[in-house]
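Where a number appears in this text, it was derived from the coordinates with a stated rule and is not lab data. Everything quoted here is computed from the prediction, not taken from an experiment. Using ideal geometry, Cβ is built from the backbone for each residue, glycine included, and neighbour counts are taken over all protein chains shown.
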């Protein structure tokens, strides 16, 4: 399957707004922000540096199932700190493969030390569908004789 494009193209379409929390925030505050922004993960940033990520999966596995209290547990206690990050010029196909192989749903996008955004598996799937739809429309135009280019 040809999945052309780079993460930069997805960020250009989706936007680069970043939702984040500090490591000292409570898990409750993080989950509340995720709910308000309708996202499944937040970057954890301290002093302008990416130090981790917290996701709904972290909450369910490390708080809820262990009987911890979200209003008393800090993000630093449950965040994922061993992050896989990608560069904005990374091909979409590589990211799909990486996320599938590592069973992860979100990838921070970094250009050097600069945080560019975050992409989800849903963002990648949406991109693939749009790419395939455009290819199908192009082929239909070609078959019907309407191809001009």
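Quick look at the numbers
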| read-out | value |
| --- | --- |
| Subset of the stretch 101-114 that is more than 11 Å from the chain's Cα centre (by Cα) and not in a helix (DSSP H, G or I) - its residue that is farthest from residue 49 (Cα to Cα) | 103 |
| Matching residues, the stretch 105-120, being touching a helix residue (DSSP H, G or I) at 6+ places or on another chain (Cβ under 8 Å) and at positive phi | 117 |
| Selection count, the stretch 69-100, where residues are in contact (Cβ under 8 Å) with a residue 40 or more places away in the chain, assigned to a helix (DSSP H, G or I) and under 18 Å from residue 124 (Cα atoms) | 4 |
| Single residue of 45, 10, 18 found to be touching a strand residue (DSSP E or B) at 6+ places or on another chain (Cβ under 7 Å) and in a loop (DSSP other than H, G, I, E, B) | 18 |
| Of all residues in the stretch 57-68 being surrounded by fewer than 16 Cβ atoms within 10 Å (Cβ to Cβ) and assigned to a helix (DSSP H, G or I), the one that is farthest from the chain's Cα centre (by Cα) | 64 |
